[in-house]
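The block underneath contains the structure these notes are about, expressed in structure tokens.
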Amino acid sequence: MTTELLIGGSWREGSSGRRIAVVDPATEATIAEIADGTPDDALAACDAAASAQVAWAATPPRERSEILRNCWATLIDHTDELASIIVREHGKPLADARGEVAYGAEFFRWNAEETVRIRGEIALAPSGANRMIVHHPPIGVVAMITPWNFPAAMITRKLAPAIGAGNTVVIKPPKETPLTALRIAELLGEAGVPPGVVNVVPTSRSADWFEAVVDHRAVRMLSFTGSTEVGRVLLRRAADRVLKTVMELGGNAPFIVFDDADLDRAVEGAMIAKMRHSAETCTAANRFYVEAGVVDEFAERLTAAMAAVNVGNGFDDGVTCGPMINRNAVADIDSLVRSALMDGAKLLLGGEPSSGAGYFYPATVIRDVEHGSRLAASEIFGPVAPIISFTDHADAIRMANDTEMGLTGYVYTRDLAKGLRTAERLEAGMVGLNRGAVSDPAAPFGGMKQSGLGREGSTEGIYEFCETQYIATDW
Ligand code: SIN
């Protein structure tokens, strides 16, 4: 297993000699000890990225594109191995982990295609006096800070367009799930990514890592996925060097069910929107607003579906929800559930964390939750479905938008015009209309309001990693 730092194409022990224990959240056993990068290691990685960047940017787009396509094929060829690493360090069910590898690899295939299609323009100035040439060179060295909930895909979603556009990168994977990141980096080298283009420096001291990297002269961009709270801190500090930022931050997705919805589909979509990847996604349905005429039936059917969730070790057959990432996560979820019950909400299922080894929390359904309660206002990041009833459509939309977050929303109705009207009124970067999954490498992923800045994926994603240069010329 790869456990060292990747700097300039070589695997190095961290300069401190310290190690970080990686823990299996299903068993609490230490499964590996990896090098703990210091600020000096992070700076060495920035130097390596800076040295590699000019040659990489000068590599013809077709060649970069073909390397990206090799990366896709190589990751797919290693699906079983990568999925098994993901389950060991994150805990999600094996089927989800395999799905994540396919999803994560697809960012390379998609961006291989985008790499040869970065467009510019040429125009005659309105005065007729000169031409205006606009093109999109790479930004330079990009710092990336990635989360633990998708140990593979949240790296590849940033990395593929960044290197496709001709940048080089320094990645800080999360200390909870660094093994997937290190193995992916190794595989990318085998797929033809030159030394120094991708550098990976995990650390147990994230703030020190960032403090060093943000001031490195060659670093021109920060791409971050994580909480809004941390994102705000990084944005403030990135402002000191006026870094370009792409921020994928927290969510608090409303899931609206109108009384004309197909309830079979609504419950099926609710289970996907709530439970995919052990309910630890920022796109997760966080609050279910259900019209009064169908709220009893929806609650009953959702409770039956949640009761069928099999919580356990992601390697075990039939498990559909793995452990939470750590003990604090379980305590946070539990505290939110207890606060809702204290406020008078009614527990329909679950609600008790398990007491044995592993960080497990059961599938939980709570109804009669207050719209303004702590449970409804917080990003739960766990298998808890709060149900809130509504009678007035405008009120449902008002409650759905009554948050500083704006990542995802979901709407279920058989009336397509009503569905589209509602979707357009939701202050969310992504809306699932009669659909519980929105994520797709070919679609723009990102949030409105405090859920983020910029978009990942789609044709927009690669331009986030490009400058715009305009040349005024005459001939
Ligand atoms: C996330 O939770 O950060 C990403 C979810 C997704 O890509 O579907």
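Laid out as a table, the results:
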read-out: Glu268 being without any contact (Cβ under 8 Å) to a residue 12 or more places away in the chain and away from the ligand (no atom under 16 Å from the Cβ); value: no
read-out: From Arg367, Arg421, residue being open to solvent by 30 Å² or more (accessible area, probe 1.4 Å), farther than 29 Å from Gly322 by Cα and either touching a residue at least 24 places away in the same chain (Cβ under 8 Å) or not assigned by TED's automatic domain parsing to the domain that holds Ala26 (or both); value: Arg421
read-out: Hits in the range 405-448 (condition: within 16 Å of the ligand (Cβ to nearest atom) and in a strand (DSSP E or B)); value: Met405, Gly406, Thr408, Gly409, Tyr410, Met430, Val431, Gly432, Phe445, Met448
read-out: Odd one out for Cys46, checked against (1) of a type in the set (A, V, I, L, M, F, W, C); (2) farther than 30 Å from Cys321 by Cβ; (3) surrounded by fewer than 23 Cβ atoms within 10 Å (Cβ to Cβ); value: (3)
read-out: Inter-residue pairs, beta-carbon under 7 Å, first surrounded by 18 or more Cβ atoms within 10 Å (Cβ to Cβ) and in the range 440-461, second of a type in the set (Lys, Arg), 6+ apart; value: Phe445/Arg455; Gly446/Arg455; Glu456/Arg157; Glu456/Lys158; Gly457/Arg157; Gly461/Arg455
read-out: Any hit, the range 25-32, residues being in contact (Cβ under 8 Å) with a residue 40 or more places away in the chain, open to solvent by 30 Å² or more (accessible area, probe 1.4 Å) and part of a helix (DSSP H, G or I); value: no
read-out: Residue match in the range 259-276 (condition: touching a Ser or Thr at 6+ places or on another chain (Cβ under 6 Å), of a type in the set (A, V, I, L, M, F, W, C), open to solvent by less than 20 Å² (accessible area, probe 1.4 Å) and not assigned by TED's automatic domain parsing to the domain that holds Ala35); value: yes
read-out: Answer residue from the range 59-69, given it is open to solvent by 80 Å² or more (accessible area, probe 1.4 Å) and not basic (Lys, Arg) and is farthest from Arg98 (Cα to Cα) among those; value: Glu63
read-out: Residue count for the range 295-326, restricted to those that are away from the ligand (no atom under 16 Å from the Cβ) and either in contact (Cβ under 8 Å) with a residue 60 or more places away in the chain or more than 17 Å from Ala270 (Cα to Cα) (or both); value: 19
read-out: Some residue of the range 82-95 being part of a helix (DSSP H, G or I), more than 30 Å from Tyr359 (Cα to Cα) and under 25 Å from the mean Cα position of the chain (by Cα); value: no
read-out: Elements of type helices (runs of 4 or more DSSP H) contained in the range 136-251, each with 1 or more residues being away from the ligand (no atom under 16 Å from the Cβ), open to solvent by 10 Å² or more (accessible area, probe 1.4 Å) and in contact (Cβ under 8 Å) with a residue 24 or more places away in the chain; value: 178-190, 206-214, 228-238
read-out: Evaluation of Cys282 against (1) open to solvent by 50 Å² or more (accessible area, probe 1.4 Å); (2) closer than 30 Å to Gly140 by Cα; (3) in a loop (DSSP other than H, G, I, E, B) (one fails), failing number; value: (1)
read-out: Residue count, the range 297-352 (criterion: open to solvent by 60 Å² or more (accessible area, probe 1.4 Å) and part of a strand (DSSP E or B)); value: 2
read-out: Qualifying residue in the range 113-128 (condition: of a type in the set (S, T, N, Q), within 15 Å of the ligand (Cβ to nearest atom) and either at pLDDT 95 or above or open to solvent by 10 Å² or more (accessible area, probe 1.4 Å) (or both)); value: no
read-out: Matching residues, the range 379-396, being open to solvent by less than 10 Å² (accessible area, probe 1.4 Å) and part of a helix (DSSP H, G or I); value: Ala396
read-out: Any chance Ala292 is in contact (Cβ under 8 Å) with a residue 60 or more places away in the chain, within 20 Å of Tyr412 (Cβ to Cβ) and open to solvent by 20 Å² or more (accessible area, probe 1.4 Å); value: yes
read-out: Single residue of Ala95, Ala83 found to be over 16 Å from Ile155 (Cα atoms) and either of a type in the set (Gly, Ala, Ser) or open to solvent by less than 30 Å² (accessible area, probe 1.4 Å) (or both); value: Ala95
read-out: Test set (1) touching an Asp or Glu at 6+ places or on another chain (Cβ under 9 Å); (2) more than 16 Å from the ligand (Cβ to nearest atom); (3) not β-branched (Val, Ile, Thr) - His277 fails condition number; value: (2)
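The values are calculated or read from the model by the stated rules, or taken from the named source; none is laboratory data. This is a predicted model, so every value here is computed, not measured. Neighbour counts run over all protein chains shown; Cβ positions are idealised from the backbone, glycine included. For the accessible areas, the whole protein counts, side chains as well, though only heavy atoms, and no ligand, DNA or RNA atoms are used. Shrake-Rupley method; radii C 1.70, N 1.55, O 1.52, S 1.80 Å.
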